[in-house]
Amino acid sequence: MDSAGFDSGDTLADRFRSHVGVDNSLYDFAMRGMADEWEAGGVVREICAGWDDAPPGSVVQLRLLAGVFRIVLRRQAPELALYYGSMGGTAGPEGVWPVMRAVMGSHVAELKDALTVAPQTNEVGRSAALLIGVFEVVRRSGLTKIRLLEPGASAGLNLLVDRFRFENQSWAYGPVDSPLVLRDEVEGLVAPQRFSVVSRRGCDLEPVDATTPGGRLRLTSFVWPFHVDRHERLGAALTVAEAHPVEVDRAGAGEWVEQMLDQKPPSPDVLTVVWHSITRMYWPAEETARVEAAVAGGRSRMALAHVAMEYPKGQPGGADHAELSVDGDVVALVAHHGRTVICADR
């Protein structure tokens, strides 16, 4: 979803309420409480002082909630953990706000600092879309050795696509002993193609080291605590990443893709795949153009494919599905968080 679409209003209270849904989830109750508390001049106003004019898309509410979640994850607020499904909590969400407000009041300085941490998730559900994209580029090219490059990679978890297990009714792929198993993520006709990833690398403006406690804590805190299945997937992917660390450079997308494509692959029979997912909406127009130009220029120097899982241009927050494209051709529609991948008839 386009975060700016859920971050609108004249005041922070307005912006908090703009993010509230209709299903009365834990965070719906929390954000309503945060809005009321801000207007009453309470602890939320104290924590968020100086953020009143934060640009749209800053989603101060998600930064604050993630900061609170990190306190819960460190076992410093057991009374609040009772409401967090990913922590085993079963308490009804309607009672969460008074408890959360008290926790905020005990951690004001830490939560002020938490507002400087931009939201960042590394949704491994998207790896199913990447897999379908790689199947398609292998089918088209006939090349089975892949150099995988991902701008906007966060912690680089999706670069481990070949180390995850995918199981569907008519096909399966990946190591049977993988800690992460994604089941029934793909609908439609799929023709699996065998391939090997000979190298993998990513970049991000704020890369997260998934092998460190701090990196794991940060990624976990931005996954909503009542999305238990997402937490289970992330935990399994972090286990894979610990055994197979991925290199993620601190760099902007356009410059980094240019640099990577200036480096030839190890051999002519290696297919370079530039892949990215739900990141174009955060790039300035000139960054998107720079990435596309680098890919176009690289095609004359190497076997190269461009796989993208992105919302249609011009409607990042209004689309029901992202589009999975291979060299500009839409080959599947993808639901939010990468589930489910609906393959186009070909």
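The values are calculated or read from the model by the stated rules, or taken from the named source; none is laboratory data. Being a predicted model, the structure only gives us computed values, none of them experimental. Every residue, glycine among them, receives a Cβ derived from its backbone with ideal geometry; neighbour counts consider all protein chains shown.
Annotations
- Test for Leu143: is it closer than 30 Å to Ser277 by Cα, touching a residue at least 24 places away in the same chain (Cβ under 8 Å), among the hydrophobic types (A, V, I, L, M, F, W, C) and part of a helix (DSSP H, G or I): no
- When segment 220-229 is filtered for residues that are in contact (Cβ under 8 Å) with a residue 24 or more places away in the chain and either assigned to a helix (DSSP H, G or I) or in contact with a Lys or Arg (Cβ under 7 Å, 6 or more places away or on another chain) (or both), the ones remaining, listed by number, are Thr220, Ser221, Val223, Val228.
- Some residue of segment 197-219 being free of Cβ contacts under 8 Å to residues at least 40 places away in the same chain, surrounded by 18 or more Cβ atoms within 10 Å (Cβ to Cβ) and either assigned by TED's automatic domain parsing to the domain that holds Arg140 or under 14 Å from the mean Cα position of the chain (by Cα) (or both): yes
- The C-beta contact set for segment 93-110 (first residue closer than 18 Å to Asp28 by Cβ, second residue modelled with pLDDT of 95 or more and among the basic types (Lys, Arg), distance under 8 angstrom, 6+ apart or interchain) comprises Trp97/Arg32.
Every residue, every condition in (1) at pLDDT below 95; (2) within 30 Å of Glu310 (Cβ to Cβ), yes or no:
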| position | (1), (2) |
| --- | --- |
| Ile71 | no, no |
| Glu79 | no, no |
| Tyr83 | no, no |
| Ser106 | no, no |
| Thr121 | yes, yes |
| Lys145 | no, yes |
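- Residue check, Trp275 surrounded by 15 or more Cβ atoms within 10 Å (Cβ to Cβ), in contact with a strand residue (DSSP E or B) (Cβ under 6 Å, 6 or more places away or on another chain), assigned to a strand (DSSP E or B) and among the aromatic types (Phe, Trp, Tyr): yes
- Within segment 254-292, the only residue that satisfies the criterion of being under 23 Å from Ile132 (Cα atoms) and small (Gly, Ala, Ser) is Ser277.
- Counting only residues that are loosely packed, with under 12 Cβ neighbours inside 10 Å, in a helix (DSSP H, G or I) and not charged (D, E, K, R), segment 74-94 holds 1 of them.
Listed here are the residues, each with its yes/no results for (1) buried (at least 19 other Cβ atoms within 10 Å of the Cβ); (2) in contact with a Leu (Cβ under 6 Å, 6 or more places away or on another chain); (3) not acidic (Asp, Glu).
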residue: Val257; (1), (2), (3): yes, no, yes
residue: Gln263; (1), (2), (3): no, no, yes
residue: Ala294; (1), (2), (3): yes, yes, yes
residue: Asp327; (1), (2), (3): no, no, no
